1. Dividing the Cα radius of gyration by the Kirkwood radius, what Rg/Rh value follows for the stretch B:47-254?
2. May I have the pair-distance distribution P(r) for the stretch A:116-206, computed from all Cα-Cα distances with 5 Å bins from 0 and rounded to whole percent?
3. Between A:V132 and B:V173, what is the label-point separation in nm under the 7 Å Cα-to-beta-carbon projection?
4. Give me the lysines in straight-line cross-link reach of B:K105: C-alpha distance below 18 Å, same-chain residues under 8 apart excluded.
5. Just tell me, in residue order, which DSSP H segments of chain A are both 15 angstrom or longer along the helix axis (alpha-carbon based) and at least 1.0 in mean Kyte-Doolittle hydropathy.
6. What aspartates and glutamates sit close enough to B:K127 to cross-link, taking a C-alpha to C-alpha distance under 16 Å and skipping anything fewer than 8 places away on the same chain?
7. Using only Cα atoms, locate the centre of the stretch A:332-348 and the centre of the stretch B:204-236, then give the distance between them in Å, rounded to an integer.
8. For the protein assembly as shown, what is the convex hull volume of its Cα atoms per residue in Å³?
Amino acid sequence: MTTNLHVEQPSSSAAVPVLNRRMAMVLLGATVLVGGLAGVIRLLVGMGSTTALTDAYTWGIWIAFDFTLIAFAGAGFTMAGLVHVLHREQYHDAVRPAILAGLAGYVSVLLLLVLDLGRPDRFYNFIIFWNVHSPLFEISFCVLLYTTVLILEVAPFLLERLHLPVTDRLLRLLRGAMPVIAVVGVTLSSLHQSTLGALYLNMPHRLHPLWYTPILPLLFFVSSIMAGLSLATLTYMGSTRILGLPAKREIVTGLPRLAAWVGVFYLALKLGDLLVSGEIALLWSAGAYSFWWWLEVGVGLMIPIALLLIPSLRRRPWVSLAAPMLLLFGVMMNRFNATMFGQILPPGVTYSPSLIEWLSTIGIIGAGVMAWLLGVRFLAIFDSKGSHHG
Amino acid sequence: MTSQQALSRRGFLKAAGTGAAAVTATCVLAGPTSSALASGPLSDNGWGMLIDVTRCTGCDSCALACKEANGRSNPTVAPSALSSDAYTFIDVRGSAGSAEPLAVKRQCMHCQHPACVSACTVGALTKSADGPVVYDSKKCIGCRYCQYACPFGVPTYDWNNPLGLIHKCQMCVERLAEGEVPACVSSCPAGALRFGRRSDLLVQAHARISSNPGRYVDQVYGEFEAGGTSVLYLAGVPFSQLGLPELGDQTISHYAETVMKKTPVVAASVAALATGLYWLTKRRDLHLSETQVTLPQEDRHDH
């Protein structure tokens, strides 16, 4: 049912031809191998000669992509919250592709963090030595616990495929616990998604006022919901396309519109904050910082909101694809601005990521994408409650 | 169909709004409360160091003595920056007014409320009651958050070691325990460094300013900066010309700590809210499905 597609028919748009899929897998596999090698070299040699990081620029693309991935992987808690907690059953079919992407995202984050830690051999130390005042301690702990939650949420996708007496019993147990698991997942996510913003509160001297504000935790939390809804749209569209199933219009148009309304709230918070603090003039007077802000908010927030809320535009089919991608770009730019472009640097300090940093980052993200693609193919990504069987 | 969509959106926005409200509350609460922040004990009686920039000749004795005391490599080469091999150095700065360049000794400021201590993931950095901000290398995971939290750019990482650690001045705690002063202080031939209780040093610093009119700017750097530091500076030119950052009196970790203290409240609120909304939305769904089931049955009775 999956390998009988003919490559000679490029006009059929119902499913991606098998050869292209294989090529994609080979390409992804190559990035994973090369990236893995780059990571091993960094671990053996140390960061001095393998990265462009310095004492004055100690966090680079590893951290920027980490925080981007955590926001994107917010798709897991957003969709679990929407459907399993708030019972918005019309979005049911979009939950599993999103939760799978959430798990792939968090595992990628953990791998990137191992490369970034100066003492990767002691990664578990935060479990032993606590500092409850540290945002990074709270984030580490929540990410660890939430990854466990994601594993429990993804486990049924596999167990449903096995049909063994043991796995069926386990499945019943997990299904009974699912409401509790969902609530715990939403709670842990609300905590660490907002604390990622609190992380930057300890850098009032380093982060430009266009981004530094006491409401950073709120901004990070709201934008993670926006990113989560956007990625859930794309993972739903992608997984239905891969499996050759029809995508439900209600989901494909409904989720981006929810994201747009969250985006309106987010934009109001961002602009309101700059108005209240009297720093609104920085939008055009802060040189490169102004440029990065407009790239983030203009391209990655205002344009997709307009696409999704202006009636004559939102009915166009490409908007369901383009608008979520733009919103994700905006959230990515926000995390990059907070970590890199919005940082006030001592004179003479520059950072241009090394080849090893790029290759390891691409390889680890590639591994995440590959794991998601394989999961969609081989796991029960549309469960029995979904309407795809009829 | 459309009404159901509208309903769902309203429900979702309501839920998202309440979730956001919980986070908002913590942000708002982060505002005014400034006292009793948790980053270490605050004592003016702790040890401190007074650096008189007008007396410093830039001879590098302190930097070399520091290297030797801490067992750093190349103990005869004067450092030009802080690094894992140099916990203090003389920053030579050309001054606008005079022909002679200014020599500014730089090292850990041993803040009264250190942001590095507040930020450290594993609590490897602590502010001791006696003044020094000390580092426990056995706990450190090398996340380097301390480097960004520190407004003085003090903690350095050992980049060329695959298992590198953070390095910074520890105020020679071992020497202090034996009743000695830090190595840099005892090596200074110019009398530019003075070691003592922070409160005493502040009195002496202000006395020097008032008894030497014209020699100093009327400010002791570190008395209030970032909530106060154990290392204090006296200088004849504005401190911004010395490369010392202009910081307010607010502690760096103020907002982060106030938000972090609300973590249990936020966790409990979100969990309670999610549980409540779960039951609320579930009951409504049950109610809807019951009416949907009973209606056709009534139809059948009519037939």
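1. So for the stretch B:47-254, dividing Rg by the Kirkwood Rh gives 0.94.
2. Reading upward from the zero bin: 2, 12, 17, 17, 15, 12, 10, 8, 4, 2, 1, 0.
3. 2.3
4. B:K67, B:K168
5. Those that clear 15 Å and a mean of 1.0 are A:18-45, A:61-72, A:95-116, A:135-162, A:216-242, A:249-276, A:319-336, A:355-378.
6. Answer for B:K127, where 16 Å is the Cα cut-off: B:D44, B:D136, B:E174, B:E257, listed by chain and number.
7. That distance is 34 Å.
8. Per-residue hull volume (Cα only) is 188 Å³.
The numbers here are math on the coordinates, done by the rules we state, and not lab data. Treat the numbers as computed from the prediction; the structure is a model and nothing was measured. No Cβ is skipped: glycine too gets one built from the backbone with ideal geometry, and neighbour counts run over all protein chains shown.
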